[in-house]
Each structure stands twice: as C-alpha cells, then as structure tokens.
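Student: Below is the structure I would like to discuss, written out as structure tokens.
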Amino acid sequence: MKTIAKYFVTILLLASATAVLADMQSEIQHLLQYVENSGCEFERNGTVYDSKEARSHIERKYGYVKSRVDETEDSIKYAATESSISGRNYHVTCNSNKQLSAQWLQHELTRYRNKPSDTAARDSLQTEF
C-alpha cells in the first residue's frame, strides 16, 4: 500500500510541476506579446527601438538565460531589466510616460495574473500609471 501511495504522490508532484511550468511559459509568452503589441518605444543602451525589435531582443536574451529562470519574474529580471554588457537599465516609453521596463512588465504580469480566467486570453495593451 505504501508503494502505491508513493507512486500516487510522485504523479501528483510531476503533474503539479508540469502545470507550474505551463503557467510560467504562458505568462512569458503573454509578456512577449504584450511588448510587441504595445506600440511603445524601448530604450536599450541609449538607443530607442520599436516594440517589435524589443520583443525580438528580449526573446533572444531569454533564450540565453532560461536555464536560470525558475519563475516568470526571473525572465523579467534576466532578460528585460538591464543590459548584460553595460549594466544600464532598460526603459519603456508609452504615451510620453518613460519608466523602467522591469516595473512596466511586472505591473502587466500582476494585472495578467489577477484577471478573471475567462478573460485571460484578452490583453489590455496600454496601462496608465
């Protein structure tokens, strides 16, 4: 009987880990789409990029750091916060409002997580602070 219980617990843990990973991947994909569809400008090392270029850069950088990512916040920290080379913060400007990209993305992640599940697929692209 103990063997069956251990087997059942193992299956539950694996299922739980798979669900957490799927949720994290869904959140990361949402944030990438949010960046791309925002129409905002992104400043990296003093150069301004459009939202499509910003998504491409963040996605490429995420590919390099994903082994260090245990939760969605880590993807923001390691791929969308600052330059790995210069250490300079990334900024985003939406509707003439310039802010740190990490704060902007964390705010969107919080909003996304707090949405009712039946509307989770719809995104609001502009967030007023």
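The values are calculated or read from the model by the stated rules, or taken from the named source; none is laboratory data. In this text the structure is predicted, and so the values were computed from the model without any measurement. Quick reminder, even Gly has a Cβ in these numbers, built from the backbone with ideal geometry, and neighbours come from all protein chains shown.
Student: Under the condition of being hydroxyl-bearing (Ser, Thr, Tyr) and in contact with a Cys (Cβ under 8 Å, 6 or more places away or on another chain), which residue from region 37-62 is nearest to Tyr90 (Cα to Cα)?
Tutor: Here is the first cut: in region 37-62, the residues hydroxyl-bearing (Ser, Thr, Tyr) are 38, 47, 49, 51, 56, 62.
Next, from what is left, pick out any that are in contact with a Cys (Cβ under 8 Å, 6 or more places away or on another chain): 38, 51.
Working: Ser38: 16, Ser51: 13 Å.
Restricting to residues being hydroxyl-bearing (Ser, Thr, Tyr) and in contact with a Cys (Cβ under 8 Å, 6 or more places away or on another chain), the top hit is Ser51.
Student: Continuing with this model, one more query. Any residue at all in region 86-104 that is aliphatic (A, V, I, L, M), at pLDDT 95 or above and in a helix (DSSP H, G or I)?
Tutor: yes
Residue-wise test of (1) more than 17 Å from Ala79 (Cα to Cα); (2) modelled with pLDDT under 95; (3) surrounded by 12 or more Cβ atoms within 10 Å (Cβ to Cβ); (4) hydroxyl-bearing (Ser, Thr, Tyr).
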position	(1), (2), (3), (4)
Ile4	yes, yes, no, no
Leu21	yes, yes, no, no
Leu31	no, no, yes, no
Gly39	yes, no, yes, no
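Student: Could you tell me which residue of region 39-71 is farthest from Ile85 (Cα to Cα), considering only residues that are in a strand (DSSP E or B) and in contact with a strand residue (DSSP E or B) (Cβ under 9 Å, 6 or more places away or on another chain)?
Tutor: Restricting to residues being in a strand (DSSP E or B) and in contact with a strand residue (DSSP E or B) (Cβ under 9 Å, 6 or more places away or on another chain), the top hit is Glu41.
Student: Just to be sure I understand, how many residues within region 67-81 are acidic (Asp, Glu), surrounded by 14 or more Cβ atoms within 10 Å (Cβ to Cβ) and free of Cβ contacts under 8 Å to residues at least 24 places away in the same chain?
Tutor: Of the residues in region 67-81, the ones acidic (Asp, Glu) are 70-71, 73-74.
Remaining after also requiring surrounded by 14 or more Cβ atoms within 10 Å (Cβ to Cβ): 73-74.
Checking which are free of Cβ contacts under 8 Å to residues at least 24 places away in the same chain leaves us with 74.
The qualifying residues number 1.
Student: For region 38-66, which positions are farther than 19 Å from Lys98 by Cβ and either among the polar types (S, T, N, Q) or touching a residue at least 60 places away in the same chain (Cβ under 8 Å) (or both)?
Tutor: Ser56
Student: Hey, among the residues in region 72-85 that are in a loop (DSSP other than H, G, I, E, B) and in contact with a helix residue (DSSP H, G or I) (Cβ under 8 Å, 6 or more places away or on another chain), which one's modelled with the lowest pLDDT?
Tutor: Within region 72-85, the match that is modelled with the lowest pLDDT is Ser84.
Student: State whether the residues of region 90-101 include one that is under 11 Å from the mean Cα position of the chain (by Cα) and charged (D, E, K, R).
Tutor: Checking region 90-101: not a single residue is under 11 Å from the mean Cα position of the chain (by Cα) and charged (D, E, K, R).
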